[in-house]
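Step one of this worksheet: look at the structure below.
The values are calculated or read from the model by the stated rules, or taken from the named source; none is laboratory data. None of these values were measured; they are calculated from a predicted model. Note that we place each Cβ from the backbone using ideal geometry, even for glycine, and neighbour counts take in every protein chain shown.
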Amino acid sequence: MPIESRAAVLEEPIDDHDFTGRRPVSVETVEVADPTGEEVLVEIGATSLCHTDVGFALGHFDCAYPLVLGHEGAGVVTAVGDRVHDLEVGDHVVLGRIACGRCEQCRAGHSNLCARRVPANESGRLRTGTVPFSRDGDPVHHCLGVSSFSEYTLVSEDVAIPVPEELPMDRACLLGCGVFTGFGAVENTAAVELGSSVAIFGVGGVGLNGVQAADICDADPVIAVDVVPEKLELARELGATHAVDAGGTDPVERIREVCPDGVDYAFEMTGQSAVITQALDAVGSRGEVIVVGVPPFGKESVDLDVYGMLFGEKAIRGSLSGSYNLPLAIPRLAELVVDGKLSLDELVTGTRPITEINEAMDALEGGGQIRQLIVP
Ligand SMILES: [Zn+2]
Ligand SMILES: [Zn+2]
């Protein structure tokens, strides 16, 4: 029997760049389909709000509406379909991303680029073809195969990744997006080497994990760039050797005061394409820019200094989900947290009931928040 669940439903995006004061999400009761085949039902234990959720509310991505928002979640498996073999009722899981395990990218170990993910996301159907929610018989679609702003969610089995029970849910949920995105960009995509110089533009819920990864990789210096002094302070606590407030100064100039020849790696973690240009100016002639932030889909372009790029050997590349194969990476990150090597406590700046989801988005857009936990 399908079960009822309170969930945060986005009817349609607001057609405006300014989120402030808008109320696009409502909390409603939806029906969650029974798991069949390769699907599992998960009772959400904790979930948190990411900038990408606001991007969905602003219509930055191609997807099907209405949908249940939320993609950073952890919970407990409460039912499994008849073709699920690797998960059992009672397993604690972090919800990752769709990865079919069978397409060319998945088979090559790049499940972050699974060919079945984008079509599934755009159609609002799980990889298995199911629309996970309904309301009065009408379909309510999923968000990134996860939809964690709900008491219960239905996902394809590849999305639910087991983690140790000793990891508290209100920390495990953070492993579902911001942590692997920021940590992986530094540790895995760039594979930052010992002693290399790093600048991280944007030290919020993603960038702070990049700072920790740079610290663990023994990069030096690690230069944090942001416009919010509190975030810069936190970056210092988590391993940044320098903090640059880009609000009142040219960050490239400040970075070049520390590293006159430019840094080896610059990470764009703000989602603003103008910052990509700054990152390119900040790296040395063989430096690498890693673009992590998500600008509005299809709407942004970048000015490239072709002369500076071609007559040096600068490189620019993207990083999606930290280039991780998440079913392997999330348990390893969970272990780092349990062992006290990766700290997540500092990321949590508030807890709100799901009924305050619009206010939570407002607060996140205001810049003062890192991660707010949302209680379904
Ligand atoms: Zn996210
Ligand atoms: Zn695949």
Are any residues in the range 47-76 away from ligand 1 (no atom under 11 Å from the Cβ) and either basic (K, R) or at pLDDT below 95 (or both), and if so, which ones? A57, L58, G59, H60, F61, D62, C63
When the range 275-311 is examined, which residues are found to be within 30 Å of I14 (Cα to Cα) and without any contact (Cβ under 8 Å) to a residue 24 or more places away in the chain? G298
Determine whether G59 is in a loop (DSSP other than H, G, I, E, B) and either without any contact (Cβ under 8 Å) to a residue 60 or more places away in the chain or closer than 20 Å to R125 by Cα (or both). yes
Do the conditions hold for V146, that is, is it modelled with pLDDT of 95 or more, within 23 Å of C173 (Cβ to Cβ), surrounded by 15 or more Cβ atoms within 10 Å (Cβ to Cβ) and more than 16 Å from ligand 1 (Cβ to nearest atom)? no
Of the residues that make up the range 312-329, is at least one farther than 24 Å from S196 by Cα and without any contact (Cβ under 8 Å) to a residue 60 or more places away in the chain? yes
Determine whether E157 is within 15 Å of ligand 2 (Cβ to nearest atom), farther than 25 Å from P353 by Cβ and buried (at least 16 other Cβ atoms within 10 Å of the Cβ). yes
Failed condition for I276, given (1) crowded, with 19+ Cβ neighbours inside 10 Å; (2) touching a helix residue (DSSP H, G or I) at 6+ places or on another chain (Cβ under 9 Å); (3) of a type in the set (V, I, T): (2)
With the condition kept exactly as written, say whether any residue in the range 14-23 is more than 25 Å from V206 (Cβ to Cβ) and either crowded, with 19+ Cβ neighbours inside 10 Å or in contact with a strand residue (DSSP E or B) (Cβ under 7 Å, 6 or more places away or on another chain) (or both). no
Evaluate the range 96-116: report whether one residue or more is free of Cβ contacts under 8 Å to residues at least 40 places away in the same chain, within 18 Å of the chain's Cα centre (by Cα), crowded, with 22+ Cβ neighbours inside 10 Å and within 16 Å of ligand 1 (Cβ to nearest atom). no
Report yes if T249 is at pLDDT 95 or above, of a type in the set (S, T, Y), surrounded by fewer than 19 Cβ atoms within 10 Å (Cβ to Cβ) and within 27 Å of E346 (Cβ to Cβ), otherwise no. no
In the range 304-373, which helices (runs of 4 or more DSSP H) lie fully inside it and hold 1 or more residues that are more than 27 Å from R107 (Cβ to Cβ) and of a type in the set (D, E)? 357-365
